[in-house]
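Quick notes on the structure that follows.
The values are calculated or read from the model by the stated rules, or taken from the named source; none is laboratory data. Fair warning: this is a prediction, and the values are worked out from it, not measured in the lab. Cβ coordinates were reconstructed from backbone atoms using ideal geometry, including for glycine residues, and neighbour counts include every protein chain displayed.
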Amino acid sequence: MQAFAQICRIDKGVVLLLAGDGVEKQRIISLSRELGLNRNIKFVGTWIDPVPLFSIADLFILPSEKESFGLAALEAMSCGVPVVASKTGGLPEVVQDGKTGFLVPVGDIGSLTRAIMLLLKDESLYRKFAVNSRKRAFQFATKSIIPLYEDLYKSLLP
């Protein structure tokens, strides 16, 4: 939330869509009020199909402390949305730093803010990352991955 507050000081028209209804929602609502971000944040609740949200998004931001694989990042990338995420868990497997988005150290608000602003301000870089994101996501498509798993399982059989 602190990174978004910094971004709002630079660009007052930016809007953050927060999806989900987890245990942290009330704390985030309170924090957004404290930081004066009420006008810039829209809480959209839980979405079964995230594609409509991704279709209007410029970026997908995932500043997780822990993340097993990063399926949400992959879904965003499949819609051509670059990702700015923490360099943790399985996210580096999905997000190619400097190609489909940026990976920043966990908790590094300055790096997170700079990465977001770079993609929002550099239209050429943004377009390149958007195209790369879509291509990368389709590398994980079922037709590509299932044969790899099958080959792995076959190699493990006696």
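Does Ala137 satisfy being in a helix (DSSP H, G or I), closer than 25 Å to Ile61 by Cα and touching a residue at least 60 places away in the same chain (Cβ under 8 Å)? Considered against the rule, which asks whether it is in a helix (DSSP H, G or I), closer than 25 Å to Ile61 by Cα and touching a residue at least 60 places away in the same chain (Cβ under 8 Å), Ala137 comes out as yes.
Only residues that are under 20 Å from Ser55 (Cα atoms) and either touching a Leu at 6+ places or on another chain (Cβ under 8 Å) or without any contact (Cβ under 8 Å) to a residue 12 or more places away in the chain (or both): list them for segment 72-100, please. Those that are under 20 Å from Ser55 (Cα atoms) and either touching a Leu at 6+ places or on another chain (Cβ under 8 Å) or without any contact (Cβ under 8 Å) to a residue 12 or more places away in the chain (or both): Ala72, Ala73, Val81, Pro82, Val83, Val84, Ala85, Val94, Val95. Within segment 82-105, the only residue that satisfies the criterion of being touching a Lys or Arg at 6+ places or on another chain (Cβ under 9 Å), assigned to a loop (DSSP other than H, G, I, E, B) and of a type in the set (Gly, Ala, Ser) is Gly89.
The sole residue among Thr113, Thr100 that is surrounded by 11 or more Cβ atoms within 10 Å (Cβ to Cβ), outside the structural domain of Gly13 (by TED's automatic domain parsing), of a type in the set (S, T, N, Q) and more than 14 Å from Met77 (Cα to Cα) is Thr113.
Number of residues in segment 59-81 that are part of a loop (DSSP other than H, G, I, E, B), over 15 Å from Ser111 (Cα atoms) and modelled with pLDDT under 95: the value is 5. Checked against (1) under 20 Å from Phe138 (Cα atoms); (2) at pLDDT 95 or above, Thr88 passes all but condition (1). For segment 50-75, a residue qualifies if it is within 20 Å of Asp122 (Cα to Cα), loosely packed, with under 13 Cβ neighbours inside 10 Å and of a type in the set (A, V, I, L, M), and exactly one does: Ile56. Residue-level analysis places Ile41 among those that are outside the structural domain of Ala137 (by TED's automatic domain parsing), surrounded by 15 or more Cβ atoms within 10 Å (Cβ to Cβ), among the hydrophobic types (A, V, I, L, M, F, W, C) and on the phi < 0 side of the Ramachandran plot.
Residues of segment 106-120 being of a type outside the set (Lys, Arg) and either part of a helix (DSSP H, G or I) or touching a residue at least 60 places away in the same chain (Cβ under 8 Å) (or both), which ones? Write out each step before concluding.
Going through segment 106-120, the residues of a type outside the set (Lys, Arg) turn out to be 106-113, 115-120.
Listed by number, the residues that qualify are Ile109, Gly110, Ser111, Leu112, Thr113, Ala115, Ile116, Met117, Leu118, Leu119, Leu120.
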